[in-house]
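Below is one structure, written out as structure tokens, with a few remarks after it.
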Amino acid sequence: GAASATGTRGAAMSSGFGGKVSGVEGNALFLVERTEWNGPIVAVWAGIAGKDGIKPNTFYTLRNGQPVEAL
């Protein structure tokens, strides 16, 4: 699934296989990486839109434990 944090001081989280998140600048983003549908969790990540190279209003997914722009 996909989650978006579009307001101020918000957060978006995706914990499913192939999930993605997006948020406006300053919002928290949380991702879980799984090997397969309902599979075990292999990595987690948390960040803030607009910091550390994470672009606001851009969807990200987790691959090999790192956030990458979702297609």
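The values are calculated or read from the model by the stated rules, or taken from the named source; none is laboratory data. Because the structure is predicted, anything quoted here is derived from the model rather than measured. Glycine also receives a Cβ, built like all others from the backbone with ideal geometry; neighbour counts cover every protein chain displayed. SASA here: full protein model, heavy atoms, side chains in, ligands and nucleic acids out. Shrake-Rupley method; radii C 1.70, N 1.55, O 1.52, S 1.80 Å.
Residues in the stretch 45-58: is at least one out of contact with any His (no Cβ under 7 Å at 6 or more places or on another chain) and closer than 14 Å to ALA2 by Cβ? So far as the stretch 45-58 goes, yes, one or more of its residues are out of contact with any His (no Cβ under 7 Å at 6 or more places or on another chain) and closer than 14 Å to ALA2 by Cβ. The number of residues in the stretch 1-34 being within 17 Å of ASN57 (Cβ to Cβ), modelled with pLDDT of 95 or more and charged (D, E, K, R) comes to 2. Mind checking which residues of the stretch 42-60 are crowded, with 18+ Cβ neighbours inside 10 Å and touching a Lys or Arg at 6+ places or on another chain (Cβ under 7 Å)? Matches in the stretch 42-60: PHE59, TYR60. Annotation: of all residues in the stretch 29-41 being farther than 16 Å from VAL68 by Cα and touching a Gly at 6+ places or on another chain (Cβ under 9 Å), the one that is most open to solvent (accessible area, probe 1.4 Å) is TRP37.
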